[in-house]
1. Looking for something surrounded by 20 or more Cβ atoms within 10 Å (Cβ to Cβ), closer than 27 Å to residue 234 by Cβ, hydrophobic (A, V, I, L, M, F, W, C) and in contact with a helix residue (DSSP H, G or I) (Cβ under 9 Å, 6 or more places away or on another chain) - is there at least one such residue anywhere in the range 51-60?
2. Return only the number of the condition from (1) touching a Leu at 6+ places or on another chain (Cβ under 8 Å); (2) buried (at least 23 other Cβ atoms within 10 Å of the Cβ) that residue 42 does not satisfy.
3. Among the residues of the range 27-49, are any of a type outside the set (S, T, N, Q) and touching a Pro at 6+ places or on another chain (Cβ under 9 Å)?
4. So, in the range 209-235, how many residues would count as being modelled with pLDDT of 90 or more, charged (D, E, K, R) and out of contact with any Gly (no Cβ under 9 Å at 6 or more places or on another chain)?
5. Might you let me know whether the range 364-371 holds any residue that is buried (at least 22 other Cβ atoms within 10 Å of the Cβ) and β-branched (Val, Ile, Thr)?
6. Here are the criteria: (1) crowded, with 18+ Cβ neighbours inside 10 Å; (2) without any contact (Cβ under 8 Å) to a residue 60 or more places away in the chain; (3) on the phi > 0 side of the Ramachandran plot. Tell me which single one residue 289 does not satisfy.
7. Please list, ordered by residue number, the helices (runs of 4 or more DSSP H) wholly in the range 272-379 having 2 or more residues that are assigned by TED's automatic domain parsing to the domain that holds residue 481 and under 22 Å from the mean Cα position of the chain (by Cα).
Amino acid sequence: MTRKTLSLNRITKIFPGVVALDDVSMSFQEGEVHALLGENGAGKSTLIKIVSGALEPDSGTIEFGDGNAYSRLTPHLAKSLGVETIYQEFNLIGCLSAAENIFLGERFGRFVDLKAMERKAQAIFQELGIEIDPKADVDTLPSSKQQFVEIAKAVSRNARILIMDEPTAPLSVAEVDRLFELIGRLKGKGITIVYISHRMEELFAITDRVSVMRDGKYIATRDTRSASRAELINLMVGRELKEQFPVRSVRPGEVALELRALCGNGDVDVSLSVRKGEILGMAGLVGSGRTELARLVYGADRADSGVILVKGIERRVDSPARAIEYGIGLIPEDRKQQGCVLGISIRENISLSSLRRLSRLLVIDGKREKALAAKFYERLRIRSPSIERPVESLSGGNQQKVVIAKTLASNSEVLVFDEPTRGIDVGAKQEIYALMNELASQGHAILMISSEMEELIGMSDRIVVMNEGRLSGELARNEFDQRVIMELASASQTTGAANVVNSQSGQV
């Protein structure tokens, strides 16, 4: 008989004006992968912070497998009870080695014995089937291996309950497979994995049970094997989402953005065009040069050669300020680090790219700023009690809307969306898709970079594929095929990825 390792009993947490958790009860079993599913703002983050001791509940108890129940935990107490949490933003020190990060704060005799640390770290890596040099500085490791260092750190502390928050967000397809293998090994050791992800296909691939939350309440728990995608989405949003992607009626106008033999930032001879009213999807594996191209178009990095034309006029885009001047806007991949300033208000964020236009003699016109921000706050239906609330208080989907609002407020007509729905829930995704569709219908030209195949095929009018810094092919809507896209993305440049298109679709 499987025993419970963690039970949450009638947990309630109230913030000013918001009931974050409302009488939530659920349990987790030994050696299971248990998904926690819900829209942004459903209460998942608050719940894991309470279990890890970062927040104190207003009422309720947290009970562990040994029968001990607590009205609150501290981070130290939670760790002593075997709770470890791996957040989306890694808790690692880049200038220290993998071994030093794993054993940070632990004693190895009277003095720090680095050799002993490295030997013990190597033993943990071998036990988990991970190939990492324990001497390597963490900031030299790719995201996938930093993720594995976090897991090794948890294992070194005898974790019994491991909470993983969006663990696959920074990983490639191959790296996700390796992570899933590692999760299987941890499960075999009897460790309980609490798995939080918005990627529905992952839940069906590795989880045993799924618990759904909505608006701070516990809704239901289902065995993954007997659940369907439609049922889980319905439980999440409380309504049936009939169409995931809006209907696209393409009437492209004149060319709004054209790149001719653009080189730089690792990309070589990239030529493409995007028309007004069109969504051009860009596929490619992690490291293929997609984000690097977006940074060239936006002027965040300078091109070595080639030409950028906006509405048929050659432009020298050598800075983001220049890009904004020419009507180019970027919604970056990492909204928290690059898209918005979390600690300031929604109003201040929306107006950030328009301050020159809103200022007179270096003084911001407060009335014009507030009117501009309020316009896009309402247009994008940003959910918040006030436009003066800090962006960090918003859900992921609403943070993304703020970044889009900031870009639109600067009068951008060419919009580069880099991973537009990363880390946001199904309901918020539909809102972003509807907004992108609306913007295209209004004549905006959209270049959409995405790692999600369904999103690319569902939203794009054409798809171009990047491979090793080069364009490897282009597909019209009637030629969309997942297999062809993956072959174009992964084929060796030396074998000629274009041959794949020749053989599959008759087009280069």
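1. Yes, some residue in the range 51-60 is surrounded by 20 or more Cβ atoms within 10 Å (Cβ to Cβ), closer than 27 Å to residue 234 by Cβ, hydrophobic (A, V, I, L, M, F, W, C) and in contact with a helix residue (DSSP H, G or I) (Cβ under 9 Å, 6 or more places away or on another chain).
2. Tallying (1) touching a Leu at 6+ places or on another chain (Cβ under 8 Å); (2) buried (at least 23 other Cβ atoms within 10 Å of the Cβ), residue 42 fails exactly one: (1).
3. First, pick out the residues of the range 27-49 that are of a type outside the set (S, T, N, Q): 28, 30-39, 41-44, 47-49.
Filter again for touching a Pro at 6+ places or on another chain (Cβ under 9 Å), leaving none.
Checked against the condition, which is being of a type outside the set (S, T, N, Q) and touching a Pro at 6+ places or on another chain (Cβ under 9 Å), the range 27-49 yields no hits at all.
4. The total comes to 4.
5. Keep residues of the range 364-371 that are buried (at least 22 other Cβ atoms within 10 Å of the Cβ), which gives none.
No, every residue in the range 364-371 fails to be buried (at least 22 other Cβ atoms within 10 Å of the Cβ) and β-branched (Val, Ile, Thr).
6. (2)
7. Of the helices (runs of 4 or more DSSP H) lying wholly inside the range 272-379, those with at least 2 residues that are assigned by TED's automatic domain parsing to the domain that holds residue 481 and under 22 Å from the mean Cα position of the chain (by Cα) span 290-298, 346-350.
Yes/no matrix, rows are residues, columns are (1) among the charged types (D, E, K, R); (2) surrounded by fewer than 14 Cβ atoms within 10 Å (Cβ to Cβ); (3) at pLDDT 90 or above:
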{"residue": "111", "(1), (2), (3)": "no, yes, no"}
{"residue": "114", "(1), (2), (3)": "no, no, no"}
{"residue": "146", "(1), (2), (3)": "no, no, no"}
{"residue": "155", "(1), (2), (3)": "no, no, no"}
{"residue": "160", "(1), (2), (3)": "yes, no, yes"}
{"residue": "170", "(1), (2), (3)": "no, no, no"}
{"residue": "193", "(1), (2), (3)": "no, no, yes"}
{"residue": "204", "(1), (2), (3)": "no, no, yes"}
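The values are calculated or read from the model by the stated rules, or taken from the named source; none is laboratory data. Predicted model, so just to flag it, every value in this text is computed and none were measured. Glycine gets a Cβ as well: all are built from the backbone with ideal geometry, and neighbour counts include every protein chain shown.
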